[in-house]
1. From the list ASP175, ASP190, ASP169, which one is more than 29 Å from LEU101 (Cα to Cα), in contact with a Lys or Arg (Cβ under 8 Å, 6 or more places away or on another chain) and modelled with pLDDT under 85?
2. Take HIS179 and decide whether it is on the phi > 0 side of the Ramachandran plot and in contact (Cβ under 8 Å) with a residue 12 or more places away in the chain.
3. Give SER127, SER87 a once-over and let me know the one that is at pLDDT below 95 and not aromatic (Phe, Trp, Tyr).
4. Name the pairs: first residue in the stretch 50-62 and free of Cβ contacts under 8 Å to residues at least 40 places away in the same chain and closer than 14 Å to THR79 by Cα, second residue in a strand (DSSP E or B) and of a type in the set (Phe, Trp, Tyr), Cβ to Cβ under 9 Å, at least 6 apart or on different chains?
5. Name every residue in the stretch 86-98 that is without any contact (Cβ under 8 Å) to a residue 12 or more places away in the chain and part of a strand (DSSP E or B), in order of residue number.
6. Sort out which residues of the stretch 70-123 are farther than 22 Å from MET155 by Cβ and among the charged types (D, E, K, R), and write them in order of number.
7. Does at least one position in the stretch 21-36 carry a residue that is surrounded by fewer than 20 Cβ atoms within 10 Å (Cβ to Cβ) and modelled with pLDDT under 55?
Amino acid sequence: MLKRVLKPLVFAVIATGVASSADNSFIGKWKLNPSLSRMPDEMKVDSKGRNTYTFDFGGGVGENIVVDGTDQPGRGGTTLSVKPEASDTWIVARKKDGKLLLRATWKLSNDGSTLTDYYRQFESDGSTTSMDYVYQRQGGGSGFAADWQSIKETMNSPFVLEVKAYESDGLTFIDPLLHDTKNVKLDGKDYPVEGSRRSSSVRRVNEHTLEMTEKNSGNVILTREIKLSPDGKLTMTVTPPGQSKPNVMVFERE
């Protein structure tokens with residue numbers, strides 16, 4: 001998910017829907033409105049001495065990295081490197097099989113109270129997803145070592161979710177960030193996500209609200225609420241694992 005390969009699946013939160021003729025209002029192309037959306041993020045950087053730090057980008061799983069710019073073993077078969085470009089600037093990069101997945105430029109404010117993260121994720125189709133985060137230091141620590149919580153997130157790239165009819169009583173959700181397709185029905189059963197070990201199930205809460213549960217290898221990884229408002233906006237709310245604040249993503253019909 002974007003900010004959690006450093007932060008896997010910040011945008012894997014996007015796909016659910018309804019079925020039947022009464023639910024046609026969910027079908028179409030939905031464009032994210034960044035000004036109405038919040039995608040808070042948390043990360044922890046802990047100094048271990050000798051230029052070594054533990055990076056926790058979510059889920060309580062730390063990666064021990066020497067800050068010298070070299071590729072070192074990371075989570076999920078990736079490598080992680082952190083390069084000190086200046087006293088107030090680090091370059092963070094993650095690769096898999098030698099391919100660059102993401103690159104982030106971290107800059108500390110003069111007083112060290114905030115950190116700006118210029119985050120770029122490189123997609124398999126050659127495109128780039130761009131986000132800028134501003135984090136605020138929580139508690140103690142010095143330099144880059146801190147418990148960082150975002151106070152502002154800016155999506156620079158356009159993001160359009162497409163919802164189509166699936167058979168006679170379901171919907172198809174096409175996620176442009178994960179490059180996957182979800183075919184679901186409203187029967188509460190798990191449906192496999194094409195090309196992955198994940199599955200999704202959907203239940204109706206009320207006429208305008210749905211709840212989707214996503215699993216990986218049978219284990220629940222995300223639950224999200226989806227609401228269609230009277231003014232025609234589609235709002236998805238999800239709390240990613242390891243975070244205390246939910247993502248609230250507001251879409252408008254394209």
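1. Checking each option against the conditions leaves just ASP169.
2. yes
3. After ruling out the rest, the residue left standing is SER127.
4. Here the result reads GLY62/PHE55, each pair linking the stretch 50-62 to a residue that is in a strand (DSSP E or B) and of a type in the set (Phe, Trp, Tyr).
5. Once the filter is applied, which keeps residues that are without any contact (Cβ under 8 Å) to a residue 12 or more places away in the chain and part of a strand (DSSP E or B), the stretch 86-98 yields only ALA86.
6. Matches in the stretch 70-123: ASP71, ARG75, LYS83, GLU85, ASP88, LYS95, LYS96, ASP97, LYS99, ASP111.
7. Yes, some residue in the stretch 21-36 is surrounded by fewer than 20 Cβ atoms within 10 Å (Cβ to Cβ) and modelled with pLDDT under 55.
To keep it simple, each residue is scored yes or no on (1) surrounded by fewer than 20 Cβ atoms within 10 Å (Cβ to Cβ); (2) at pLDDT 95 or above; (3) over 19 Å from the mean Cα position of the chain (by Cα); (4) not in a strand (DSSP E or B).
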{"residue": "GLY59", "(1), (2), (3), (4)": "yes, no, no, yes"}
{"residue": "GLY69", "(1), (2), (3), (4)": "yes, yes, yes, yes"}
{"residue": "LEU80", "(1), (2), (3), (4)": "no, yes, no, no"}
{"residue": "LYS83", "(1), (2), (3), (4)": "yes, yes, yes, no"}
{"residue": "ASP111", "(1), (2), (3), (4)": "yes, yes, yes, yes"}
{"residue": "GLY143", "(1), (2), (3), (4)": "yes, yes, yes, yes"}
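The values are calculated or read from the model by the stated rules, or taken from the named source; none is laboratory data. Keep in mind that what you see is a predicted model, and the values were worked out from it rather than measured. Counting neighbours? That spans all protein chains shown, and the Cβs are built from the backbone with ideal geometry, glycine included.
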